[in-house]
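Okay, structure first, notes after.
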Amino acid sequence: MTQKSAGSAAGFCLLKGEMVVADHYFSNKPNSEHRPQQFTFDLRGRSYIFETDAGVFSKSEVDFGSRLLIETFEWPEVDGPILDAGCGYGPIGLSIAPEQLNRTVHMIDVNERALDLARKNAQRNKVENIRIYKSDRLQDVTEEGFGAVLTNPPIRAGKDVVFDMIQTGFAKLAEGGDLWVVIQKKQGAPSAMKEMERLAGSCDVAAKSKGYFILRAKK
C-alpha cells in the first residue's frame, strides 16, 4: 500500500477518472481491464483508505485539484444537504461528510465503476451520512435546496458539459448556498468564472495554486 498525504495543501467526478483508448473516466461503463489498488491519504486532518481501479480519475492518489478544493472548502451558513457532483471514487464527499453529521452529502457520478468504489470507500472509512447514486451530470438529482455544491468538472468532456454542471449546480442551491468549482486556468478558469458571475452576480477566487483556481459563487 502506498502512503500519500495531502498535508496542508490548500490542495469531479461526475464524470471522473483516467482516460484509456476509446474509454474515458466519464464513460458510463468503462471497458478498462480491472486493476484494483489501495492507498492511504490524509484529508482535512483525517486519514482515509481509498480503493481505486483503472477507468477512474486519478487512481494512484487524490489529484491536486480535488485536494485544493477539499482543503479550501468552508461549510455554508445556510442549512441543507451537500452535493459532490462528479464524485469519482469519493475523496471529496467522504472527506467532508464526517464534519457535519446532521447533513447528508449526495455523491453522484455517471461512471458506474467509480460509484461502486465510492460505496466501498464509504463503508471502509465508516462514513454513513452520504447518498451515492448515478447521475449523468445533475439530470437525476431530484432534491433541491443544497447548502453547497462542489465539483471538479470533467474538462475532457468539453465546455458544454462543464457549463451545464455549473448552471444546474447553481440552480440546485438554496438561497445563500455556495457553488464551489475547481478548474485550471489553462483549461477554462476565466470563462468558468465569467459564467458564475453571470449566474450569481459575483464570483470569488477562494484559492489558487499551481495553476488551479477554486471558484466560489453564492446564490
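The values are calculated or read from the model by the stated rules, or taken from the named source; none is laboratory data. Keep in mind it's a predicted model, so treat the numbers as computed, not measured. Here the Cβ positions follow ideal geometry from the backbone for every residue, glycine too, while neighbour counts run over all protein chains shown.
Okay, here's what the table says:
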read-out: Qualifying residue in the range 27-40 (condition: surrounded by 24 or more Cβ atoms within 10 Å (Cβ to Cβ) and either assigned to a loop (DSSP other than H, G, I, E, B) or at pLDDT 85 or above (or both)); value: no
read-out: Filter result (surrounded by fewer than 14 Cβ atoms within 10 Å (Cβ to Cβ), assigned to a loop (DSSP other than H, G, I, E, B) and not β-branched (Val, Ile, Thr)) within the range 117-142; value: LYS126, GLU128, GLN139, ASP140
read-out: Within the range 62-90, tally of residues that are farther than 23 Å from THR142 by Cα, in contact with a strand residue (DSSP E or B) (Cβ under 9 Å, 6 or more places away or on another chain) and either surrounded by 18 or more Cβ atoms within 10 Å (Cβ to Cβ) or hydroxyl-bearing (Ser, Thr, Tyr) (or both); value: 11
read-out: Residues located in the range 194-219, provided they are of a type in the set (A, V, I, L, M) and either surrounded by 20 or more Cβ atoms within 10 Å (Cβ to Cβ) or assigned to a strand (DSSP E or B) (or both); value: MET196, VAL205, ALA206, ALA207, ILE214, LEU215, ALA217
read-out: Of all residues making up the range 153-163, the number that are surrounded by fewer than 17 Cβ atoms within 10 Å (Cβ to Cβ) and outside any loop (DSSP other than H, G, I, E, B); value: 4
read-out: Single residue of LYS186, LYS172 found to be charged (D, E, K, R) and buried (at least 17 other Cβ atoms within 10 Å of the Cβ); value: LYS172
